[in-house]
Amino acid sequence: MTRPPSAAQRRVIDAADPVTGRLRGTEAQLTALVRRGLAFRHPRPPHDHFLTPEGHRVRQGITQAPPPAGETPAATGVFAARTGGEADPPRPGPARRREVHSAWQGLLELRRMTNPDGAVDRPCRWERTHLVQAAALALEAAGHRPAGPDDGGYRVRETPQPEAVAVHEPDGGALRACAATLEGAGWQVSEHREPRTGTRYLLASPRRT
């Protein structure tokens, strides 16, 4: 498991602007957050630092009220969307839904801050460098069921093609629903068949315009 942020890093995250996620801290603190995937450096001057979707999720976990008994606190590590088929998936429930919702809202804010025209209806640079996580977050945030270790549900996987992920879902109706969700989230989606088995799957790429 990824170790949680240090106390100093938590203070920087907790003090981030609640709307934009803009961060203030020493260069060393900000660089450490970038290295851990909790922040990014804006490509345009003045090159401020902002929380990534994972950073927004951790911030919410730090600032919200303690979770009910039996639930795992949200700030135990860096957020990872369900890609499907994990051997040890996170426990479903209200805490997980809060984490996913916070990460999705953080991703929309990241789009607004980093897309040149401020558009939130198409993927941003972070998503293009984290294809599997970005597609999986869109699916999980929309309520699709990720696959368990041995059961049905969606599975998002890397492909040899540049800027493309494969989405597998044994149920045809659920597969089409996944396609609709990704298209609504700004992805270009096409349906294909495995040459040997004939099984249908999706190829999804972040839309540029």
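The values are calculated or read from the model by the stated rules, or taken from the named source; none is laboratory data. Everything numeric here is computed off the predicted structure, so don't read it as measured data. Counting neighbours? That spans all protein chains shown, and the Cβs are built from the backbone with ideal geometry, glycine included. Quick note on the areas: whole protein, heavy atoms, side chains included, nothing else; ligands and nucleic acids left out. Shrake-Rupley method; radii C 1.70, N 1.55, O 1.52, S 1.80 Å.
Could we say that E163 is touching a Pro at 6+ places or on another chain (Cβ under 9 Å), open to solvent by 40 Å² or more (accessible area, probe 1.4 Å) and among the charged types (D, E, K, R) here?
Numbers: touching a Pro at 6+ places or on another chain (Cβ under 9 Å): yes; open to solvent by 40 Å² or more (accessible area, probe 1.4 Å): yes; among the charged types (D, E, K, R): yes.
So E163 fits the description; yes.
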*Please go through region 80-89 and pick out each residue that is more than 15 Å from G55 (Cβ to Cβ) and crowded, with 18+ Cβ neighbours inside 10 Å.*
R82, T83, G84, G85
_Check on T72, within 14 Å of the chain's Cα centre (by Cα) and either at pLDDT below 85 or closer than 23 Å to A142 by Cβ (or both)_ = no
*Extreme residue, nearest to the chain's Cα centre (by Cα), among residues of region 28-54 that are without any contact (Cβ under 8 Å) to a residue 12 or more places away in the chain and part of a helix (DSSP H, G or I)*: R35
*Are any residues in region 184-209 within 14 Å of P162 (Cα to Cα) and part of a loop (DSSP other than H, G, I, E, B), and if so, which ones?*
R207, R208
*Take the residues of region 166-184 that are open to solvent by less than 10 Å² (accessible area, probe 1.4 Å) and among the aliphatic types (A, V, I, L, M): which is farthest from G84 (Cα to Cα)?*
L182
_region 104-157, subset among the polar types (S, T, N, Q) and buried (at least 17 other Cβ atoms within 10 Å of the Cβ), residue farthest from D17 (Cα to Cα)_ = Q133
*Could you check, for region 1-18, whether at least one of its residues is out of contact with any Ser or Thr (no Cβ under 8 Å at 6 or more places or on another chain), open to solvent by 70 Å² or more (accessible area, probe 1.4 Å) and within 16 Å of A103 (Cβ to Cβ)?*
yes
*asked:* Take residues that are closer than 30 Å to T197 by Cα, at pLDDT 90 or above and of a type in the set (A, V, I, L, M) and tell me which of the helices (runs of 4 or more DSSP H) falling wholly in region 76-173 contain 2 or more.
replied: 131-141
*Just one of (1) open to solvent by less than 70 Å² (accessible area, probe 1.4 Å); (2) out of contact with any Leu (no Cβ under 9 Å at 6 or more places or on another chain); (3) more than 21 Å from G85 (Cα to Cα) trips up P195, so point out which.*
(1)
_Under 7 Å between Cβ atoms, which residue pairs at least 6 apart in sequence (or on different chains) link something in region 171-185 that is in contact (Cβ under 8 Å) with a residue 60 or more places away in the chain with a partner that is assigned to a helix (DSSP H, G or I) and buried (at least 19 other Cβ atoms within 10 Å of the Cβ)?_
A185/A138
*Within region 34-41, is there a residue that is open to solvent by 50 Å² or more (accessible area, probe 1.4 Å), within 16 Å of F79 (Cα to Cα) and among the charged types (D, E, K, R)?*
yes
